[in-house]
Structures are given as structure tokens and as C-alpha cells.
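Enquirer: Encoded as C-alpha cells, here's the structure I'll be asking about.
Just so it is clear, none of the values below were taken in a lab; they were calculated from the coordinates. Computed from a predicted structure; not experimentally measured. Reconstructed Cβ throughout: ideal geometry from the backbone, glycine too, with neighbour counts over all protein chains shown.
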Amino acid sequence: MNNIIAGNIRKLLDELPSGISVVAVTKTRTPEEALEAYRAGLRIFGENRVQEMMTKRPLLPDDISWHLIGHLQSNKVKQAVAAASVIESVDSVRLLRLIDAEALAQGKCTDCLLQVHIATEETKSGFSLEEMAETDWRHVSDSLKAARICGLMGMATFTDDREKVRSEFRSLSDLFSRMRKQYFTGKSHFRELSMGMSGDWRLAVGEGSTMIRVGTLIFGERIFKAR
Ligand SMILES: *Cc1c(COP(=O)(O)O)cnc(C)c1O
């Protein structure tokens, strides 16, 4: 039993307000490390690569909900739909439609979050705020057969400037509230705002996050950068 991982999780859960979900980001971690997080009570695991999710998933208990949190290429949609319960990194309507068609073919319902680009770094992917504003999400949502739009995901700029991070999270939170009123009234499944990582989760929670995605805080520093 690795008491460090269990201790880190206990500390996080003690401080996290109730009702907020934790995605344990297991990218680059061994199945044994992931299992420690499971034993400490976590049931949502995040991977940013489909291949890594596919190799790890069969080695771990089946009641884990796997979230894909990294960019998904269209040629991997089939595997992603098979392996993930939630795809948090949907960054185009075209990708959403491919996921929908594949989920239908596999007889599944796939929950999706729309990833929005709120950071100033070019490297991070996602819809721009302009694209989000130009799209009629009610129309898109109503046309889906087996995929569901369950909320938004975003990553803030990697910086020590707390006010900048806070204002980026606030812009995502505002968008989330507006979309809920404008396009998803009466649709209770549109309810997740996935924002906040190891370094900025408190700020994200302060701005209304419903789901944080943490790796380093639980498992320690990653030795190999995933990207
Ligand atoms: C790696 C990753 C995380 C977790 O990062 P930490 O800083 O280790 O908590 C969260 N979200 C996404 C999309 C990631 O790729």
C-alpha cells in the first residue's frame, strides 16, 4: 500500500467542497499507482491518450469511469468510444458528430464535454469563445442520437498570475451559465464544468467548477511529460 497516494487523496478530499467530482489523472502512471487511487476511493480516472486508456483499463476494476481528457484524432474515435465513458476533449462539431455516429454503432451513450480554449497559450486546444458563440448548441444537441453534451471543459494558462487564471475560469463559468439558460433549459444532463488541475483547482472551484482533474497532486511529479 502506497500511503503517499492515499494520504494525498485524503488531504484533497478533506479540503474539497462536497459535490465536486475528482478525476484522477493517471497518464504516465502505472496500473499499480492507479489502483492505489482506486483503493483510496476514487472512481473517475482521466487519460489523455486513447492507447494508454485502452491498455490500462482492462488491468483495473470495472467500476471506474474513464474520461478522455486529451485531443482526440478522428481515426481513434472508435477506440475512444469503446474505452471512455466521458470524452471531455471534444473540440469540434465534426468530432462530436463522429463520436455520435460511433456511439450509435456501438450501441452506447457517450457523454461529452465541449473543450473551450480559454488560455492564451496557442498549444492548448478547444473551441474558441467566438466559435462557441456562433454555434446553435440547441440545434446541435437535438441532432445527436447517442452522444450527449454534458457540459464544458477548459484549461487555464500555466502562470503564477492568479488573477489571470481566475478571469479565464470566470469566462468559462459565465459561458457555462449562459449556455445552460440559452440552450439546455430542462436538460439536467448539461451540468458539468470541468476545470481546475493540481496547481489551480482552488481558483477553479471558487469560480464554480463541478469537476477537477488532478494528477500531480495525487501521484507526485510526472517524470515523463505526457505532451
Ligand atoms: C495532465 C492533465 C491534467 C492534470 O494535470 P496535473 O497538473 O498533473 O494535475 C488535467 N487536465 C488535462 C487535460 C491534462 O492533460
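Enquirer: Can you check how the C-alpha radius of gyration of region 93-227 compares to 2.2 N^0.38 Å, as a plain ratio?
Expert: 1.10
Enquirer: Still on this structure: Describe numerically, in nm with one decimal, the distance between label points set 7 Å from Cα along Cα→Cβ at K164 and at R178.
Expert: Modelled inter-label distance: 2.3 nm.
Enquirer: Does region 25-125 classify as rounded, prolate or oblate by the C-alpha gyration tensor (a ≥ b ≥ c root eigenvalues; a/c under 1.5 gives rounded; else a/b over b/c gives prolate, otherwise oblate)?
Expert: Because a/c hits 1.5 or more and a/b fails to exceed b/c, region 25-125 counts as oblate.
Enquirer: Mean residue ellipticity at 222 nm from the helices of the chain, using -39,500 (n - 2.57) per DSSP H segment of n ≥ 4 over the full residue count, to the nearest 500 deg cm²/dmol?
Expert: After summing the helix terms and dividing by residue count, I get -12000 deg cm²/dmol.
Enquirer: Given the pairs K56/K76; K108/K145; K145/K181; K108/K181, which are separated by over 19 angstrom at their Cα positions?
Expert: Correct reply: K145/K181; K108/K181.
Enquirer: Viscosity 1.567 mPa s, temperature 4 °C: Stokes-Einstein D of region 3-219 from its Kirkwood Cα radius, in µm² per second?
Expert: Estimated via Stokes-Einstein, D reaches 74 µm²/s.
Enquirer: Oh, and also: Given +1 on the Cβ of Lys and Arg, -1 on the Cβ of Asp and Glu, and no further charges, what dipole in debye does the chain carry about its Cα centre, rounded to the nearest 20?
Expert: Dipole of the chain, to the nearest 20 debye: 420 debye.
Enquirer: Find, among the GluC sites (Glu not before Pro) in region 81-140, those assigned to loop by DSSP (not H, G, I, E, B) with at most 16 other beta-carbon atoms within 10 angstrom.
Expert: E121, E122
Enquirer: If you average the C-alpha positions of region 35-72 and of region 185-208 separately, how far apart do those two centres end up, in angstrom?
Expert: 20
Enquirer: Place a +1 charge on the Cβ of each Lys and Arg in region 132-227 and a -1 charge on the Cβ of each Asp and Glu, then give the dipole magnitude about the Cα centre in debye, rounded to the nearest 20.
Expert: Dipole magnitude for region 132-227 comes out near 320 debye.
Enquirer: List the relative contact order of region 109-227 as a percent without decimals, with contacts defined as Cα pairs under 8 Å and 6+ residues apart.
Expert: 23
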